[in-house]
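Enquirer: This is the structure, below, for whatever I ask next.
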Amino acid sequence: MKAIVVTDEAAGTAGMTLEERPRPEAAGNDVLVEVHASGFTRDELTWPSTWTDRLGRDRAPSVPGHELAGVVAALGYGTRGLSVGQRVFGLTDWTRDGTLAEYAAVEARNLAPLPGDVDFTVGASLPISGLTAWQGLFDHGRLQAGQSVLVHGAAGAVGSMAAQLAREAGARVIGTGRAADRRAALDFGAQEFVDLDGEALEEVGEVDLVFDVIGGEIGKRSARLVRAGGTLVSVAGPPEARPAEGLAIDFVVESDRAQLGELVKRVREGRLRTAVGNVAALDDAVAAFNPTERAKGKTIILVRP
Ligand SMILES: NC(=O)c1ccc[n+]([C@@H]2O[C@H](COP(=O)([O-])OP(=O)(O)OC[C@H]3O[C@@H](n4cnc5c(N)ncnc54)[C@H](OP(=O)(O)O)[C@@H]3O)[C@@H](O)[C@H]2O)c1
């Protein structure tokens, strides 16, 4: 099968190559998925899990990409809940070969059914950003209707999901980002917007929840805005400062079939949209991940156009 392969962290996305690789096999509890569309996260070449397996052993050359939408091609021994020919989408293991390939072996529990009226492109753009937003807002942030949430990077992949989900849950949403992202953040459901380069974050006042995708100095300043009993949730690594009288939580997204179902239901009903940017074929994936100009939205690789 054709796959994108990386061998060297220092080379980054420029070191990606399109190669011929053996088709993976479905181990126990696995599903072999015929990949139709695949998503890749820019930072993943810096994650240790891209280069080692669960025991910490070197596993390069590895196939990156951990989001997919496709069709079940085979089931491993003991696999339950899915069947051959079914449309699926989901988030794959960090420590195994990923989804920038014609086939991927995935634990069945990491996948959910993809309804027939949802494009593979949309399905592949949903898992990481959607699940991260859901888990950050509701599992870790315990967001309730009537509360206020400051969503950093509200025009980005994760932030745009968080802004939409928080707004739908009845929260007051303040988005942040670059000046040029104001319109997009408001369109995604933010009621107010702070341009982090030109406006004072501190003027936001106190909030119940901060959802931080940026970290660093922005994260530190945001911790001071969390009201007593509130929470700072970070997906940009451990927070460098904690709220004086609140919680600070950082987490790594995990797949969850029920939450994937909630997300795709909202997409079908027109209540949630993903920020898909460039869509490219697998043969053009290396160029797509090395753009000459800043790309807006998530790049999706359509493996079977
Ligand atoms: N822990 C987890 O499980 C998890 C899961 C998913 C993502 N993440 C991490 O979350 C981060 C965001 O991911 P994403 O996919 O949402 O990225 P993204 O689509 O690039 O969105 C980030 C947004 O924040 C903006 N931004 C970043 N730094 C900024 C700054 N200093 N001032 C103003 N705006 C700024 C970006 O604008 P520019 O593009 O102009 O910089 C962009 O609009 C990444 O670091 C990713 O690795 C973690």
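Enquirer: Which one is surrounded by the fewest Cβ atoms within 10 Å (Cβ to Cβ), of the residues in the range 51-64 that are within 16 Å of Val106 (Cβ to Cβ) and in contact with a helix residue (DSSP H, G or I) (Cβ under 8 Å, 6 or more places away or on another chain)?
Expert: Ser62
Enquirer: Starting from the range 133-148, keep only residues that are among the small types (Gly, Ala, Ser), then list their pairs with residues that are in a helix (DSSP H, G or I) whose Cβ atoms are within a distance under 7 Å, requiring at least 6 positions of separation or different chains.
Expert: Pairs that qualify, where the first residue is among the small types (Gly, Ala, Ser) and the partner is in a helix (DSSP H, G or I), are Ala133/Val158; Ala133/Met161; Ala133/Ala162; Ala133/Leu165; Gly136/Ala162.
Enquirer: Okay, next question. Would it be correct to say that Asp250 is surrounded by fewer than 19 Cβ atoms within 10 Å (Cβ to Cβ), in contact (Cβ under 8 Å) with a residue 12 or more places away in the chain and more than 19 Å from the chain's Cα centre (by Cα)?
Expert: no
Enquirer: Still on this structure: If a residue counts only when it is of a type in the set (A, V, I, L, M, F, W, C) and more than 16 Å from the ligand (Cβ to nearest atom), which strands (runs of 3 or more DSSP E) contained entirely in the range 221-305 have at least 2 such residues?
Expert: 226-234, 276-281
Enquirer: Moving on. Go through the range 224-247 and give me each residue that's without any contact (Cβ under 8 Å) to a residue 24 or more places away in the chain and either touching a His at 6+ places or on another chain (Cβ under 6 Å) or surrounded by fewer than 14 Cβ atoms within 10 Å (Cβ to Cβ) (or both).
Expert: Within the range 224-247, Ala228, Gly229, Gly237, Pro238, Ala244, Glu245 meet the criteria.
Enquirer: Just need a number here: residues in the range 89-113 that are under 19 Å from Leu282 (Cβ atoms) and of a type in the set (A, V, I, L, M, F, W, C).
Expert: Residues in the range 89-113 being under 19 Å from Leu282 (Cβ atoms) and of a type in the set (A, V, I, L, M, F, W, C): 6 in total.
Enquirer: Considering only residues that are charged (D, E, K, R) and either in contact with an Asp or Glu (Cβ under 6 Å, 6 or more places away or on another chain) or assigned to a loop (DSSP other than H, G, I, E, B) (or both), which ones fall in the range 75-91?
Expert: Passing the criteria: only Arg80.
Enquirer: Could you tell me whether any residue of the range 174-184 is more than 13 Å from the ligand (Cβ to nearest atom), at pLDDT 95 or above, under 30 Å from His66 (Cα atoms) and surrounded by fewer than 24 Cβ atoms within 10 Å (Cβ to Cβ)?
Expert: Among the residues of the range 174-184, not one is more than 13 Å from the ligand (Cβ to nearest atom), at pLDDT 95 or above, under 30 Å from His66 (Cα atoms) and surrounded by fewer than 24 Cβ atoms within 10 Å (Cβ to Cβ), which makes the answer no.
Enquirer: Kindly provide the set of residues from the range 249-273 that are touching a strand residue (DSSP E or B) at 6+ places or on another chain (Cβ under 7 Å) and not hydrophobic (A, V, I, L, M, F, W, C), ordered by number.
Expert: Residues satisfying the conditions are Asp250, Ser255, Arg257, Gly261.
Enquirer: Among the residues of the range 22-53, write down those that are in a strand (DSSP E or B) and either in contact with a Cys (Cβ under 9 Å, 6 or more places away or on another chain) or over 20 Å from Phe89 (Cβ atoms) (or both).
Expert: Thr52
Enquirer: Another one. Would you confirm whether or not the range 120-130 contains a residue that is in contact with a Ser or Thr (Cβ under 8 Å, 6 or more places away or on another chain), of a type in the set (Val, Ile, Thr) and within 10 Å of the ligand (Cβ to nearest atom)?
Expert: Yes; the residues of the range 120-130 include at least one that is in contact with a Ser or Thr (Cβ under 8 Å, 6 or more places away or on another chain), of a type in the set (Val, Ile, Thr) and within 10 Å of the ligand (Cβ to nearest atom).
Enquirer: Also: What are the residues in the range 185-212 that are surrounded by 19 or more Cβ atoms within 10 Å (Cβ to Cβ), over 24 Å from Pro127 (Cα atoms) and charged (D, E, K, R), if any?
Expert: Across the range 185-212, the qualifying residue is only Asp208.
Enquirer: Here are some residues: Ala157, Ala163. Which one is surrounded by 19 or more Cβ atoms within 10 Å (Cβ to Cβ) and either touching a Lys or Arg at 6+ places or on another chain (Cβ under 7 Å) or in contact (Cβ under 8 Å) with a residue 40 or more places away in the chain (or both)?
Expert: Sole residue among the options that is surrounded by 19 or more Cβ atoms within 10 Å (Cβ to Cβ) and either touching a Lys or Arg at 6+ places or on another chain (Cβ under 7 Å) or in contact (Cβ under 8 Å) with a residue 40 or more places away in the chain (or both): Ala157.
Enquirer: Which ones in the range 54-74 are under 17 Å from the mean Cα position of the chain (by Cα) and assigned to a loop (DSSP other than H, G, I, E, B)?
Expert: Scanning the range 54-74 gives Pro64, Gly65, His66.
The values are calculated or read from the model by the stated rules, or taken from the named source; none is laboratory data. Owing to the predicted nature of the structure, the values given are computational and were not obtained by experimental measurement. FYI the Cβ positions are ideal-geometry reconstructions off the backbone, even for glycines, and counts take in every protein chain you see.
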